[in-house]
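The values are calculated or read from the model by the stated rules, or taken from the named source; none is laboratory data. All of these numbers come straight from a predicted model, not from anything done at the bench. For neighbour counting, all protein chains shown are included, and Cβ atoms are generated from backbone atoms with ideal geometry for every residue, glycine included.
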Amino acid sequence: MEYKTMTLQEKAEISMKAIELEEAGKKEEASTLYRTIPLPGYIAKCVKKYFGADTLLQTGWNLAEAEAEFGSDWLNQSNN
């Protein structure tokens, strides 16, 4: 799936929809929706460092902000 960066308003709208899903008992759907919100670059970098790039990719988080900050090939670089 191709992800994009988002405005604060877009992130808030998605969060509100995810909260509605959680309140309706749809926890897995809410979790999937939350992961469409871009993971901040510094968090993505920490997850990569301590758990590895493959694990980070398997989480399904939107990595568009990390990619915008570190470059498109940052997951394959050993120094990031």
**OP:** Among the candidates S31, S15, S72, single out the residue that is of a type in the set (S, T, Y), out of contact with any Ser or Thr (no Cβ under 9 Å at 6 or more places or on another chain) and modelled with pLDDT under 95.
**Re:** S72
Subject >> Members of segment 25-58 that are of a type in the set (V, I, T), surrounded by 14 or more Cβ atoms within 10 Å (Cβ to Cβ) and touching a residue at least 24 places away in the same chain (Cβ under 8 Å) >> reply: T36, I37
Subject >> Within segment 11-24, tally of residues that are exposed (fewer than 11 other Cβ atoms within 10 Å of the Cβ) and among the acidic types (D, E) >> reply: 1
**OP:** Look through T5, T59 and report the one residue that is of a type in the set (V, I, T) and in contact with a strand residue (DSSP E or B) (Cβ under 6 Å, 6 or more places away or on another chain).
**Re:** T5
Original post:
Which condition number in (1) among the acidic types (D, E); (2) under 23 Å from M16 (Cα atoms); (3) free of Cβ contacts under 8 Å to residues at least 60 places away in the same chain is the one that E65 fails?
Top reply: (3)
